[in-house]
Amino acid sequence: DIDRAFNELNSSISKSLLGKRQKFEIACSRLSSLSPKKILSRGYSITFVGDRLLNSALDIKKNDQLRTLLSDGEIWSSVIDKRENDNE
């Protein structure tokens, strides 16, 4: 009787751990896909004006110096001109 209860408890714990491990692996995969390096590897870039993250064309002006992070390095550039979208 005790052996059967022990085996059932052991089986229940194993099933619970397996389910939690699967959920953990899914969460890790989702988190990994959101990492900045993964996002950059999909063709996106991150651009800074000085030490500020560039979010909008409104945040820059002609001749500002930009630093852009890519998946395989960085580039520095200077703003020649800008065009803002009329539709927001």
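The values are calculated or read from the model by the stated rules, or taken from the named source; none is laboratory data. Quick caveat, the model's predicted, so the values are computed rather than measured. Because the Cβ atoms are built from the backbone with ideal geometry, glycine has one as well, and the counts that use them run over all protein chains shown. Heavy atoms of the whole protein, side chains included, go into the accessibility calculation; ligands, DNA and RNA do not. Shrake-Rupley method; radii C 1.70, N 1.55, O 1.52, S 1.80 Å.
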Result for the chain: accessible area per residue, probe 1.4 angstrom, in square angstrom, of 91 Å²
Of region 22-65, those with amide N under 14 Å from the point 7 Å along the Cα→Cβ vector of LYS82 are 47-65
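Given a cut-off of under 8 Å on Cα pairs at least six residues apart, what relative contact order in percent is computed for the chain? Could you put the intermediate results ahead of the total?
Values: 75 pairs, mean separation 16.8, N = 88.
Once normalised by length, the contact order is 19 percent.
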Computed over the chain: longest principal axis from alpha-carbon atoms vs helix 2-33 long axis, angle to nearest 10 degrees, is 10 degrees
Counting only protein heavy atoms and a 1.4 Å probe, tell me what percentage of the chain's accessible area is made up of carbon and sulfur. 54 percent
Per DSSP H run of at least 4 residues, take -39500 (n - 2.57); add these up for the chain, divide by its residues and hand me the 222 nm value, nearest 500 deg cm²/dmol. -14500 deg cm²/dmol
